[in-house]
Amino acid sequence: MRPKLSGIVLFLAISSSVAAASSGHPTHEPHVHGIAALNVIVEKNAVHLALESPAMNLLGFEHAPVTDEQKAAYQATQQKLTEASKLFAFPGANCQLESSNIQMLEKHAHADHDGHEHSGEHADVDADYRFNCSRIQELREIRIHLFTVFPGIQQIKAQWITGRSQGIKTLTPATNHLQLK
Ligand SMILES: [Zn+2]
């Protein structure tokens, strides 16, 4: 379920041009282990967050789980991804999760795979979240707790857009918040 927001079209146009400029690929960030991408759209009283990460960062592997250990890791990761209130915080804005869509092992056509040729072994985790906020006018920043929950994520390339402004920021465990204005 992907809500049809008018902002998405504009946002995708921006993110495509940024991705194209950095990687030559029109739709996806390069697949680099340790790095994830987060796109944030704020529209009216809703915040839409789309996380795209190499599965390696979250799962430790990028294929269908085979061993019991891998199956357990898969279940645990899926569970952590559903607990969105532990992944994102919206101080003062009183945001509640409305819907989410989690795809565990997505095969994307990436321009880069850690600098080597495409091997067919890589897969991403895609997680989309939509929050509704009763005090959206109070929203100044979003705190990203993904680094704590998933230590395999070392860097997040974040893009955000609101009705008034937009920006790009590289998040790290030390700078894990997104200032929206
Ligand atoms: Zn990979």
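Summary of values
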{"read-out": "Check on residue 164, part of a strand (DSSP E or B) and either among the basic types (Lys, Arg) or surrounded by fewer than 13 Cβ atoms within 10 Å (Cβ to Cβ) (or both)", "value": "no"}
{"read-out": "Qualifying residue in region 138-157 (condition: among the basic types (Lys, Arg) and within 15 Å of residue 46 (Cβ to Cβ))", "value": "no"}
{"read-out": "Any pair with Cβ under 7 angstrom, 6 or more apart, that starts in region 157-181 at a residue that is free of Cβ contacts under 8 Å to residues at least 60 places away in the same chain and ends at one that is surrounded by fewer than 19 Cβ atoms within 10 Å (Cβ to Cβ) and part of a strand (DSSP E or B)", "value": "170/155; 172/155; 176/143; 177/141; 177/143; 179/141"}
{"read-out": "Hey, residue 169 surrounded by 14 or more Cβ atoms within 10 Å (Cβ to Cβ) and charged (D, E, K, R) or not", "value": "yes"}
{"read-out": "Candidate set from region 120-157 (those that are small (Gly, Ala, Ser) and buried (at least 20 other Cβ atoms within 10 Å of the Cβ)); member that is nearest to the chain's Cα centre (by Cα)", "value": "127"}
{"read-out": "Residue in region 39-56 that is of a type in the set (Asp, Glu) and without any contact (Cβ under 8 Å) to a residue 12 or more places away in the chain present", "value": "no"}
{"read-out": "Pairs where the first residue, in region 64-91, is free of Cβ contacts under 8 Å to residues at least 24 places away in the same chain and the second is among the polar types (S, T, N, Q), C-beta under 8 Å, 6+ apart", "value": "82/100"}
{"read-out": "Only listed residue being under 23 Å from residue 157 (Cα atoms) and modelled with pLDDT of 95 or more, chosen from 73, 50, 93, 109", "value": "50"}
{"read-out": "Matching residues in region 135-161 - criterion: being of a type in the set (A, V, I, L, M), in a loop (DSSP other than H, G, I, E, B) and over 16 Å from residue 95 (Cβ atoms)", "value": "153"}
{"read-out": "Residue ID - nearest to the ligand (Cβ to nearest atom), chosen from residues in region 31-54 that are within 12 Å of the chain's Cα centre (by Cα) and more than 16 Å from residue 130 (Cα to Cα)", "value": "54"}
{"read-out": "Residue within region 112-134 that is modelled with pLDDT of 95 or more, away from the ligand (no atom under 16 Å from the Cβ) and part of a loop (DSSP other than H, G, I, E, B) present", "value": "yes"}
{"read-out": "Residue check, residue 60 of a type outside the set (S, T, N, Q), on the phi > 0 side of the Ramachandran plot and within 15 Å of the ligand (Cβ to nearest atom)", "value": "yes"}
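The values are calculated or read from the model by the stated rules, or taken from the named source; none is laboratory data. It should be emphasised that the depicted structure is a prediction, and the values quoted were computed from it without experimental measurement. Reconstructed Cβ throughout: ideal geometry from the backbone, glycine too, with neighbour counts over all protein chains shown.
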